[in-house]
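First up is the structure itself, then whatever we jot down about it.
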Amino acid sequence: MGMEQAWLIPAVPAAAFVVLTLVGKYLPRKGDWVAIGAIAASFILFLFVLVDLLDVVDEPGFVGGEKSWEWVSFGSFEIRLGFFTDEITIVMLAVVSFISLLVQIYSVGYMRGDPRYGWYFAVMSLFSAAMLTLVLADNLLLLYAAWEGVGLGSFLLIGFWWEKQSAAEAAKKAFTTTRIGDVGLLIGILMLWNEAGTFDISEIFEFAEAGGYGTTYLTAAVLFLFAGAAGKSGQFPLHVWLPDAMEGPTPVSALIHAATMVVAGVYLVARMLPLFELADPIALNVVTALGLTTVLISATMGLAATDIKRVIAYSTLNSLGLMMVALGSHSVTAAMFYLFVHAFFKALLFLGAGSVIHATEKQELDELGGLASKMPLTTVTFAVGTLAMIGIIPLSGFWAKDEILHVAEVNQNAGVYALMLLSVFITSLFMTRLFIRTFLFNSRDPESRDHAHDAEPTMTVPLLILAVPAAIGGFVVFSGVGEAMGFPGGFGEFVYLEHAEEFVFHWDIVVLSTVLGVGGMVVGYIFWANQAEPARRMGEMFRPVYNVLYNRYYIDEFYQFVIDRIVLVGSAAISWYDRNIVNDTGVDGSAGLTGFAGWGLKFTSTGKLPNYALAISAGVIILALVFLVVKA
Amino acid sequence: MSYEEGIFYVVAAVTVLGALGVVLSRNVIHSALFLIVSLLAVAGVFILLAAEFLAIVQVLVYGGAVTILILFAMMLTRVRDMPRALTGPQWPLAALAGSMIGGISIAAVLGTEWPGETNEAGQAIEVTVIPIEKIGHDLFTVWAVPFEIASLVLIVALLGAIILARGEEGE
Amino acid sequence: MIPIDNFLVLSSILFGIGMYGVLARRSALLIIMSVELMLQAVSINFVAFALYLHPEAFTGLVFAIFVIVIAAAEVGLALAIVLRLYRNRQTANVDEADSLKW
């Protein structure tokens, strides 16, 4: 039982999906145990695969465990169903299976009583299966198929309460926005395939390293791939769907829009980074630029947002931007490390928010507050998550964020580094604001506060479990810790692109980030403590700035304008063409013509014998004439 | 022309005139009588073709049986009581069709090389008269199968005619 | 000997006249009579060919005999049908039997 059987990891939840869809409603408890059992099995299988990988990872020349079957083949064209396990994959498998398991357990409590309870778990299984396939895929076509499957799962789950208009709209928005990116991804994949003749990732790498692609061609292909990544990972300008995706149930937000699906883009770029390295430097510059933009606009929008889940969504965008900047700085290690710890503390934050919502039935920051005494467990775990997000030592987020700052300092220019530091400060600000407004001081709505309480065990236990890696997960960066667990070393010696990176303490970065982080917390406390008077006055003074931030830089309005003026006009023209020309003239017209011909021809059957006899003789005469003339 | 040809032209003329009478006459009974004339003339043509047996059969069957049948049918369908135009509205097209068929056929005939009256040695070919015994003998040996089938056809036609013409019970 | 052409031309003329009769006449009986004319023409053709082209094997003669047989059978049957037609519609005119009209 090892890497050869890695394909079972997605297969089990996929089977669970089928079972739940077909017979879910007849099972006891609508089959939630089927889904949870399946994902638990995936997690256990992952552990086996991990052990097997660790056995061989030190061997020279180890690339990854592989297993593939032929799927479609005609002539020289072949599509394979293949699974590839290497260090990057293992990290992703860990994250996806573990978080998915905890979220599904949490959902038992959160979604209790929902009329479509069974369907929820079915789609959860589908999503998990697709995501696991995505990270295990060894060829781009299978990856793309899983990519689409993940998008479908996300759509179904965001729009889970589709009776609510805003939820249905959000699901549509998510799907359409990521679709735009997906087109780019497909073009990129096809461009790569076109020259290399294969979809297999390792073969494409070999082809590229041998110089098979022209630089411009490769750069273009890689940028198209990044378009897909940008869509799924919410990079500017395709970030607009993620805040709206909060319409879905909170566990969904925790799983999909924090820990797994949105990091698919990061995974893709990380996996394909060798190609990015071979392309023109402008490719990685684009990645960095968009990542950095996302970091800054998300942090600033987070300052003005008022819904608890939205603020956390902006923090997710912020984190994704950071990961992209890390990749743009040529570092797979930093990006994957941040991805790893981020999954834990972000899921923790979302599930904590879910507990708050579940307890108070409220989501607006203006209506929350003072929950610390009523929901101690939730408050403490949420605090851990917040501090990890800000990046306070010794929590996990600190180590990861500092790694990113380090590679940004080394590989990017001073401007990028400065902006990154600025973002640390702003992030600290808005996360502090979030925590204070939700849990501390007096509640603005005493009634809801009064019957707030920590949630039931199915919901609080996952919070506690997640708090542990969120707090101490960062220590895996040390060689000693890594070796003690059976890895070749710390995180940097396990997951890397060219050279193993042993962890080094960079004091200057540590100091800077700590000062900025703590400074942000202090300023945040000043601004938003008690009745948040300073913040209110600030908001009044800079009302226009506040409006821009509150309205998310009016990007949504701009997109809607483009859609209305360009897309819908175009589609109106096309639909006119389809209705009038294709349908009325082409289809109805040819049918009408046939009918008319039939009507006309009916007059030849007069019923009179002499007419028929005449027709027969005419035929004979013509035949005779032909024979006479041709003398055949 | 030899006297044979002369006889031929006479007989042919009678045949054609009789035929024209059949198709052009305005009285049905007259048409039937013209048919008899034509049929008998054709018997004459058969004699000219040295098929005497056939001529006799022609006279017996056609002249005797078929025309009587037709006259009976005329009687039973009261054809005399319904004086109406006997030629339908499409007669111009019919004339065209008939003349075209005839024309094409004649053109084909005249355009073909038929074996002449003299054989290779230069002597006139004698007309071969087939003795009746030979016809009878071959009819029952070489042509036995068509013969039997023909008798079957006759039986079926007989039965069919009886059933068709008999009508419903109680009529 | 009479040239074969004569007989064949005669047969063609007879056939043409018969065809006219079939197509132009309205009474079913007249149509049947015209069909007889056409059959006569065909018989003359057969016998002429038998005599002039293959006198030893008198196939055409036998054919003509069979034509007469079949013609007789056919006339009998056809007249029975005409009687039926007359009984059902009180008319022997083929023009008026047009229930298969559109």
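Net charge around A:D588, counting only other residues with Cβ within less than 13 Å of its Cβ (Lys, Arg = +1; Asp, Glu = -1)? Within the 13 Å Cβ shell, the charges total -1.
Helix C:59-89 and the longest principal axis of the Cα set of chain C meet at an angle near 10°.
Across peptide C:37-46, the mean count of Cβ atoms from other chains lying within 10 Å of each residue's own Cβ comes to 5. Peptide A:597-605 has a mean shielding of 1, counted as Cβ atoms of other protein chains within 10 Å of each residue's Cβ. Shape index of region A:446-596: Rg/Rh, with Rg the Cα radius of gyration and Rh the Kirkwood radius from the inverse mean 1/r over Cα pairs, equals 1.27. Counting Cβ atoms of other protein chains within 10 Å of each residue's Cβ and taking the mean over peptide B:7-18 gives 3.
Ranked by the mean number of other Cβ atoms within 10 Å of their residues, highest first, the peptides A:126-134, A:293-301, A:254-262 fall in the order A:254-262, A:126-134, A:293-301. For C:K101, which lysines qualify as cross-link partners when the Cα separation must be under 30 Å and same-chain residues fewer than eight apart are set aside? C:K101 reaches A:K602, A:K608.
Between the Cα long axis of helix B:67-76 and the first principal axis of chain B there is an angle of about 10°, rounded to the nearest 10.
Could you tell me how many degrees, from 0 to 90 and to the nearest 10, lie between the Cα long axis of helix A:281-304 and the main elongation axis, the longest principal axis, of the Cα atoms of chain A? For A:281-304 against chain A, the angle is about 60 degrees.
Using DSSP to define loop residues, name the GluC sites (Glu not before Pro) in chain C whose beta-carbon has at most 14 other beta-carbon atoms within 10 Å. Within chain C, the qualifying GluC sites (Glu not before Pro) (loop, at most 14 other Cβ atoms within 10 Å) are C:E56.
Suppose only helical runs count, i.e. DSSP H with n ≥ 4. What mean residue ellipticity at 222 nm does that imply for chain A under -39500 (n - 2.57) per run, divided by all residues and rounded to the nearest 500 deg cm²/dmol? Helix contribution divided over all residues of chain A: -23000 deg cm²/dmol. Here the protein assembly as shown is treated as a sphere whose radius is the Kirkwood value from Cα pairs; by Stokes-Einstein at 25 °C and 0.890 mPa s it diffuses with a coefficient of 68 µm²/s. Working ranking of peptides A:91-99, A:518-526 by packing, defined as the average number of other Cβ atoms within 10 Å per residue, highest first, is A:91-99, A:518-526. Let me know the longest stretch in chain A that avoids all trypsin sites (Lys or Arg not before Pro) found in a DSSP loop with at most 16 other C-beta atoms within 10 Å. That would be A:165-630. Note on A:K346: lysines with a C-alpha under 27 Å away, same-chain residues under 8 apart excluded, are A:K164, A:K172, A:K173, A:K232, A:K309, A:K362, A:K374, A:K401.
Overall, the ratio between the Cα radius of gyration of chain B and 2.2 N^0.38 Å, rounded to two decimals, is 1.36. Tell me, which longest segment in chain B has none of the trypsin sites (Lys or Arg not before Pro) that fall in DSSP loops with at most 13 further Cβ atoms within 10 Å? For trypsin sites (Lys or Arg not before Pro) (loop position, at most 13 other Cβ atoms within 10 Å), the longest site-free span of chain B is B:85-171. A protection proxy built from the mean count of other Cβ atoms within 10 Å ranks the segments A:460-466, A:329-335, most packed first, as A:329-335, A:460-466. Taking the fewest neighbouring Cβ atoms within 10 Å as the starting point, the ordered list for C:H54, A:H453 is C:H54, A:H453. Round to a whole angstrom and tell me the spacing of the C-alpha centers of region A:348-386 and region A:234-250. Centre-to-centre distance over Cα atoms comes out at 21 Å.
Pairwise alpha-carbon distances in region A:357-507 exceed 20 Å for 60% of all pairs.
When you filter the GluC sites (Glu not before Pro) in region A:492-524 for DSSP loop state and at most 15 other Cβ atoms inside 10 Å of their Cβ, you are left with A:E498, A:E502.
Given C-alpha coordinates of region C:4-95, what is the ratio Rg to Rh with the Kirkwood estimate of Rh? Here the Rg-to-Rh quotient is 1.10. I'd like the distance separating the alpha-carbon centroids of region B:24-53 and region A:613-632, in whole Å. So the separation of the two Cα centres works out to 28 Å. Rounded to the nearest 500, the helix-only mean residue ellipticity at 222 nm of chain B stands at -21500 deg cm²/dmol, with each DSSP H run of n ≥ 4 adding -39,500 (n - 2.57). Taking 1.002 mPa s as the viscosity and 20 °C as the temperature, the Stokes-Einstein diffusion coefficient of region A:79-132 based on its alpha-carbon Kirkwood radius rounds to 168 µm²/s. Each Lys or Arg adds one and each Asp or Glu subtracts one; over the other residues with Cβ under 10 Å from the Cβ of A:S513, this totals -1. Using a cut-off of 14 Å between beta-carbons, work out the net charge of the residues near A:T427 (Lys and Arg +1, Asp and Glu -1, A:T427 not included). Here the charged neighbours net out to +2.
Here is the P(r) of region A:1-60: all C-alpha pair distances, binned every 10 Å from 0, give 24, 39, 22, 11, 4, 0 in whole percents. For chain B, set up a Gaussian network in which alpha carbons nearer than 10 Å are linked by springs, and say which option among B:T112, B:T128, B:T87 fluctuates the most. Among B:T112, B:T128, B:T87, the largest mean-square fluctuation in the Gaussian network model of chain B belongs to B:T112.
Throughout, read-outs are computed from the coordinates displayed, never taken from laboratory work. As the structure is a computational prediction, the values presented were derived from the model and not from experiment. Here Cβ is always computed from backbone atoms with ideal geometry, including for glycine, and neighbour counts include all displayed protein chains.
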